[in-house]
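Take a look at the structure below.
The values are calculated or read from the model by the stated rules, or taken from the named source; none is laboratory data. Given the structure is predicted, the values throughout are model-derived calculations rather than measurements. Cβ atoms come from the backbone with ideal geometry, glycine included; neighbour counts cover every protein chain shown.
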């Protein structure tokens, strides 16, 4: 009967320590979202398979966990991303939703791929979207929300970089380099995949795009261009080989990012494309600054997508940030405590009984009364009634106070020991809940 | 291209209002768990199919969403419950886990069944488990945790009842009624299904168990027995037709529940069986008091389960509480606000600009600075610069303060309007973040 079972490949078991890290990250995401005025939403964990093929074509099926219910006739898939669900939800209620739509979600997602560093089959992803508003203010609002969460997790502009590009500006640059309008899509794809292609293959594809040797060099210059967001339009224009008209969107975004004091986090990187064909303006990725990890986050403007899912024409900008790479970066930068349990709330009180009849009788009542008063209260589960040993357990549990139900019970009192300061006082049993509830909390708790 | 998509049957789209209710419920669950000293855990959303058939036999497959990855050879299933994952996780680390194991989880679960009132294909379930401790103190600890969450959601003992039974006591009662040891399992099953069977079918099965007409009457008496937890051993014994030895576990539990002031919520109901064969002692269900809904929660002691999953012999008690029936009960009892958005945190500040150059320039900076200071700050996305209209929007957003960047910008100041009290003051621009951060919060926020 008794066989050992293992979890599926590429999934995780979250024990209390790893769960504490997950909640720490999710907490920063959620609070940053709320503080920036986004409302939380959620959708089903699986959707009709057709929702994904509608956006990405049948080719996506191999990357999905798709399934059919035994005896049913509908094909489903575990969600690989949140955007199709979001677009479906907005389309269904577009007439009645207050505008703009500012939503965030923290769902789990699934991709049927080989497990690698920074990539799992099941992962948590923070999604932030602002719909119904065009322009740089909206773009900067979602980028600011991403930065706010990273700041609160302890990251600095030297740790991670927000790499920005703009499809409009880059499209104009590609045109100026000789790419025809009908080849623009292929040119973006080549820009996106240039690091993964052999030099000869790159040359072959560039030639197929109709690029001359000179234009190919120009193409590579664009891909390698990095500029601070403080760069003015002239500098951007010189770098991309385009005039100021094509740069209006990029310049407006840079102005807004500077106004919000986000410039130290951001830089132009015109090699950033974001493979997905539906992006229309600003695109960005967040990377660990040395570039050694996969992207921490990615997003951009997708003004046509809600319409594709049956909704009205609606401008939109959003991003996704996964927990896996972010967790690696936080760990590498020393931003997670060695003992992750230190991220969890400390018990306010740890109740100990010396085993006397009165103590054993009163302990369960006091324990529940403390919890009813909003306190985090624990007690001992061991058979021992050795107060010294039990105090050691209270310390290991990181409790603020030990409440000892001992000899003083004869006079209707208990001993309350401050486990940080070491002092102890006698408190009437009837007052002990209030005593703990009103004790000032240390800064560290 | 543009077709309208719908979510899968029996799943939910959580818009901001329904998500606020979900977070309200999950928040009460999580805080009650933490205050009772449980640590949060999570597992994969899907498991190997064999994990579920190991516990429940191949019959369970029809109730599962099972699937195989295209091109893969492993069978998986979306988790229908958390206990197998929990048992697998405990078994894998049993040697190194600090004892007792006190864990909670708030996962989503999936059942491939027809959607009905109180029953969906995807639902959220709070799981609380205490492993490594035998006896009534552990049983009462998890029951107390369930009650604590319900109290905090506003429920009272008149709204919901914790219906308790004890397999040991009922087993002895069945034996006393003439059920042989080897028929005990079938007798529990008959007890569990008695309300779903026709009278004739019940009679037939009872006879097959070897019950005389007299014993069948006894059987029905047991099933219909309800007693307050204040009942003494003599009253319990008279009701079940057994002596005090068989009642030791039940009496100990009742004593502990009274000691923790949980008795007003609880009652003995010896018709409660919990179908699952693996329960070994205390079993309980939480029901809406009129009995009109499905169970809000159910659980019990399952001392043999961890061993079944390859772990050591380990006593355990736990329960699951779903969000669907609980949400219906809270709604019916008027314990959810009419506008669920009122459950969400209020914005601290709503920033308005009169459209002047200085106001438009400073607004993004102040907005981001407030958020960096931990404030929930919003601003206007409409084109209008009519301060009266914008103040209306600030009020609709339930903001505590409106911050008006208007004519006073010329002297480096803004107007801060208290949207609850109505008073307004002029504040230097450089001080406005601190001004809002230090403003006392009303009790209602």
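Take the stretch A:83-112 and flag every residue that is surrounded by 13 or more Cβ atoms within 10 Å (Cβ to Cβ) and more than 9 Å from every other protein chain (Cβ to nearest Cβ).
A:83, A:86, A:90, A:94, A:101, A:104, A:106, A:107, A:109, A:111, listed by residue number.
Report the residue count in the stretch A:142-171 for those that are in contact with a strand residue (DSSP E or B) (Cβ under 6 Å, 6 or more places away or on another chain) and within 10 Å of another protein chain (Cβ to nearest Cβ).
Adding up the residues that qualify gives 1.
Return the only residue of A:39, A:74 being touching a residue at least 60 places away in the same chain (Cβ under 8 Å), facing another protein chain (nearest Cβ under 8 Å) and farther than 29 Å from residue B:86 by Cα.
Criteria check complete, one pass: A:39.
Name every residue in the stretch A:147-197 that is assigned to a strand (DSSP E or B) and touching a helix residue (DSSP H, G or I) at 6+ places or on another chain (Cβ under 9 Å), in order of residue number.
Within the stretch A:147-197, A:160, A:161, A:162, A:164, A:165, A:166 qualify.
Which count do you get for residues in the stretch A:265-295 that are away from chain B (no Cβ under 12 Å), under 21 Å from the mean Cα position of the chain (by Cα) and at negative phi?
20
Can you pull out the residues in the stretch B:198-212 that are more than 20 Å from residue B:270 (Cα to Cα) and assigned to a helix (DSSP H, G or I)?
B:200, B:201, B:204, B:207, B:208
Pick out the one residue from B:358, B:373 that is closer than 27 Å to residue A:255 by Cα, modelled with pLDDT of 95 or more and surrounded by fewer than 19 Cβ atoms within 10 Å (Cβ to Cβ).
Answer to the selection: B:373.
Taking the stretch A:113-131 only, how many residues are surrounded by 20 or more Cβ atoms within 10 Å (Cβ to Cβ) and more than 12 Å from every other protein chain (Cβ to nearest Cβ)?
Matching residues across the stretch A:113-131 total 5.
Which of the residues spanning the stretch A:1-32 are in contact with a helix residue (DSSP H, G or I) (Cβ under 6 Å, 6 or more places away or on another chain) and either closer than 18 Å to residue A:335 by Cβ or more than 8 Å from every other protein chain (Cβ to nearest Cβ) (or both)?
Listed by number, the residues that qualify are A:17, A:20, A:21, A:24, A:25, A:28, A:29, A:32.
Out of all the residues in the stretch A:22-66, which are at positive phi and in contact with a strand residue (DSSP E or B) (Cβ under 6 Å, 6 or more places away or on another chain)?
A:37, the sole residue that qualifies.
State yes or no: is residue B:105 under 23 Å from the mean Cα position of the chain (by Cα), in the same structural domain as residue B:131 (by TED's automatic domain parsing) and under 25 Å from residue B:132 (Cβ atoms)?
Yes; evaluated as a whole, the condition is true for this residue.
So, residue A:136, is that one at pLDDT 95 or above and touching a helix residue (DSSP H, G or I) at 6+ places or on another chain (Cβ under 6 Å) or not?
yes
Could you tell me whether the stretch B:48-66 includes any residue that is over 25 Å from residue A:68 (Cβ atoms) and in a helix (DSSP H, G or I)?
No, there is no match, as no residue in the stretch B:48-66 is over 25 Å from residue A:68 (Cβ atoms) and in a helix (DSSP H, G or I).
Per-residue answers, yes or no, for (1) over 25 Å from residue B:86 (Cα atoms); (2) crowded, with 22+ Cβ neighbours inside 10 Å:
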| site | (1), (2) |
| --- | --- |
| A:7 | no, no |
| A:27 | no, no |
| A:47 | yes, yes |
| A:63 | yes, no |
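Can you find a residue in the stretch B:414-425 that is crowded, with 18+ Cβ neighbours inside 10 Å, in a loop (DSSP other than H, G, I, E, B) and modelled with pLDDT of 95 or more?
yes
Across the stretch A:228-261, what is the total count of residues that are assigned to a loop (DSSP other than H, G, I, E, B) and in contact with a strand residue (DSSP E or B) (Cβ under 8 Å, 6 or more places away or on another chain)?
2
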